[in-house]
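Step one of this worksheet: look at the structure below.
Bear in mind that the values in this text are calculations on the coordinates, not laboratory data. Everything numeric in this text was worked out from a predicted model, so none of it was measured. FYI the Cβ positions are ideal-geometry reconstructions off the backbone, even for glycines, and counts take in every protein chain you see.
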């Protein structure tokens, strides 16, 4: 696709940790990582600056640990470390495809990644490097969805792209259990909050609303959808101010 077709200059791509595990449910599926990296490479070739936030649910979830009796803060820190493993896997895959990449972490671990510095992240993006943000916000009690919203605001991303597995967008009910569920093609931030739609946590939605960052929720399982979403093609569910 030609660069002049692009709608966005800088995008934030949010990937769940489970997305990297595919149907295995745990760990990292190298075939999935390879496909994701191919699509991200195509986006960078179109002249679009790409930042990525990846979750850690394929290894650990803080809420799961705290539900089993673990201290919530400790469980969340473990989840942050899981996101670093996923970020390094994505970095390795992207660099094997010839894409310059940097991993920045909210918790310092200089032997494997740069510490998160906003100005440095923006400079990397301006130089055409993909920047992967890991370790969440560095604070417990915040999800990686909130991290993606926060980093989107900090780097002034044009859009936040929520890549989902097995769903084409936002529905009024879970289509797995309600075949009659209706998919929305357009929603406002207020509608998401009022209808209590499970797009992402309320903190993330509110951050996007307060900073006027549009959100696109789409199905990452369809080959080519990441590139289409980054180029601004009509896809999935668009969430914006009005």
Among residues of region 178-199, those that are in a strand (DSSP E or B) and touching a strand residue (DSSP E or B) at 6+ places or on another chain (Cβ under 6 Å), counted: 4
Residue list for region 140-174, restricted to those being assigned to a loop (DSSP other than H, G, I, E, B) and in contact (Cβ under 8 Å) with a residue 40 or more places away in the chain: 140, 141, 142, 143, 156, 157, 158, 165, 166, 167, 168, 169
Flag for residue 79 being in contact with a helix residue (DSSP H, G or I) (Cβ under 7 Å, 6 or more places away or on another chain) and not in a helix (DSSP H, G or I): no
Residue count, region 35-63 (criterion: part of a helix (DSSP H, G or I) and touching a helix residue (DSSP H, G or I) at 6+ places or on another chain (Cβ under 6 Å)): 5
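Quick one: count up the residues across region 5-19 that are in a helix (DSSP H, G or I) and in contact with a strand residue (DSSP E or B) (Cβ under 7 Å, 6 or more places away or on another chain).
Keep residues of region 5-19 that are in a helix (DSSP H, G or I), which gives 5, 17-19.
Within this subset, residues satisfying the condition of being in contact with a strand residue (DSSP E or B) (Cβ under 7 Å, 6 or more places away or on another chain) are 17, 19.
Counting residues in region 5-19 that are in a helix (DSSP H, G or I) and in contact with a strand residue (DSSP E or B) (Cβ under 7 Å, 6 or more places away or on another chain) gives 2.
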